[in-house]
Amino acid sequence: MPVSFHDLTGADALPEALFKRTESDLSFFVDKVKPIIEAVRTEGDQALIRFAREFDGVQPETFSIQVQEEEFDAAFERVDPEVIESIRFSVENVRAFHEAQKPEEMWWKEMRPGAFAGDRHVPIDAVACYVPRGKGSFPSVLIMTAVPAVVAGVPLPVVITPPGPDGTVDDATLVAARLVGIKSVYKCGGAQGVAAVAYGTQSVPKCLKIVGPGSPWVVAAKRQLTHLLDPGVPAGPSESLILADDTVNGALAALDLLIESEHGPDSSAYLVTSSRRVAEEAIAALPGYWEKIGDKRARFSQSVLCGEHGGVVLTRDFATAIDFVNQYAPEHLEILAAEPMAVMMKIRNAGEILLGEYSPITLGNFVLGPNAVLPTNSAAKTAGPLSVSDYMKRVSVAYVTSEGYQELAPQAKRFAEYEGFPGHALAVSALRGPLLKGGNNG
């Protein structure tokens, strides 16, 4: 199966087809998730158990939707101590990054003498962190979604994740949850999991927001439930661009092209370069790499890099390659270039940018510190990575003294009269003075 090669050296414009992702058309999934959502709304836990058997292949006759304390304990016994140490390492870095990112609780500014205004940052009451499982186990996603929730001070941070056939949650994910400080983990994924936290069930608490990446089923359910649940950063199937100039070893670019392409057939991954040598070296190197990553992940990577949503893009010049990146607005962008910092300054649209040969996407996904839950499907044109701020809300705060009121009231009264709001105007008229505690006539 040949790697998809898009030679744009003679093209007058960048083909729109290259910018489409697998989640661009969710019409099939939207129709399918509607009855799932309705079943959870009306049946609660009963529907979750039925769907766990139908969609996740859960075999036990009975299983607890909420993870019990003894399941956390057992997970620590089963997970390799070295893996636990890597999870600790990641949690420490991710926590340090997000603690530095956390805004101050409140700030004030004196707008005019005696008139103060500012913002107070308040955590959201209940947030659900979605951890996928369909194509693997992802304790890293729990870390990325749950650490900022804890740092932000969310009173009720919960995790939802699909159960395995034995009715349990991935052990490393439970280890990560306990190390982060999450006690509430629920065995429900897919559209039914999203519906569970939108409506609440007998076991699963109702939440106000959901964060984390997911399949098209999850994305479609989020869209259906936006009237009940803030869907957070639009994080769908994985996608990446490797931007390489003519100084790069093409085999290195191909190595990093594997990273997001091995997630699954719904991923997107391109090497974008203006160097034919780099493109040819990358294409030549990929088959050897596929032999090293196992049949399952090799099939996933091949389905992406040999399909409609991946491969190698050769542009007429490097400026056009940069234009491609800005138009694509990738979730992950890795820049392999002689001067990666200079190239970065020309990039406007990307969820994250990793600079240079020693900064593969792998580091960002697991241990570097910045959040790896990133906007997909071109949403990076207007949105950024998941952050502490996504778990908080800003409340505007103002306080005006008698002195400040004297200056502001006449100005506000004129606005009210001009816009036709006599009630507004009356509230700042001479009528107010006698009603004040001090009987100030203003």
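The values are calculated or read from the model by the stated rules, or taken from the named source; none is laboratory data. Being a predicted model, the structure only gives us computed values, none of them experimental. Don't worry about glycine lacking a Cβ; one is built from the backbone with ideal geometry, like all the others, and counts go over all protein chains shown. For accessibility, only protein heavy atoms count, side chains too; no ligands or nucleic acids. Shrake-Rupley method; radii C 1.70, N 1.55, O 1.52, S 1.80 Å.
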*Check whether at least one residue in the range 387-408 is without any contact (Cβ under 8 Å) to a residue 24 or more places away in the chain and either open to solvent by 50 Å² or more (accessible area, probe 1.4 Å) or part of a helix (DSSP H, G or I) (or both), and report yes or no.*
no
*Which residues, counting only those in the range 215-232, are part of a loop (DSSP other than H, G, I, E, B), open to solvent by 10 Å² or more (accessible area, probe 1.4 Å) and in contact (Cβ under 8 Å) with a residue 60 or more places away in the chain?*
215, 232
_What's the total number of residues in the range 303-325 that are of a type outside the set (A, V, I, L, M, F, W, C) and open to solvent by less than 10 Å² (accessible area, probe 1.4 Å)?_
3
*Within the range 338-372, track down each residue that is open to solvent by less than 20 Å² (accessible area, probe 1.4 Å), more than 22 Å from residue 235 (Cβ to Cβ) and not in a helix (DSSP H, G or I).*
356
*Given the structure, is residue 377 at pLDDT below 95, touching a strand residue (DSSP E or B) at 6+ places or on another chain (Cβ under 9 Å) and either open to solvent by 20 Å² or more (accessible area, probe 1.4 Å) or assigned to a loop (DSSP other than H, G, I, E, B) (or both)?*
yes
*asked:* For the range 6-57, which positions are part of a helix (DSSP H, G or I), under 21 Å from residue 214 (Cα atoms) and open to solvent by 60 Å² or more (accessible area, probe 1.4 Å)?
replied: 27, 28, 31, 32, 34, 35, 38, 41, 50, 53, 54, 55
*If you go through the range 239-260 one residue at a time, do you hit one that is part of a helix (DSSP H, G or I), of a type in the set (S, T, N, Q) and either touching a residue at least 40 places away in the same chain (Cβ under 8 Å) or open to solvent by less than 40 Å² (accessible area, probe 1.4 Å) (or both)?*
no
*Kindly indicate which of 320, 315 is out of contact with any helix residue (DSSP H, G or I) (no Cβ under 9 Å at 6 or more places or on another chain), touching a residue at least 12 places away in the same chain (Cβ under 8 Å) and polar (S, T, N, Q).*
320
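Listed here are the residues, each with its yes/no results for (1) of a type outside the set (D, E, K, R); (2) modelled with pLDDT under 95; (3) touching a helix residue (DSSP H, G or I) at 6+ places or on another chain (Cβ under 6 Å); (4) on the phi < 0 side of the Ramachandran plot.
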position	(1), (2), (3), (4)
273	yes, no, yes, yes
293	yes, no, no, yes
329	yes, no, yes, no
332	yes, no, yes, yes
344	yes, no, no, yes
_Tally up the residues in the range 266-323 that are of a type in the set (A, V, I, L, M) and part of a helix (DSSP H, G or I), please._
13
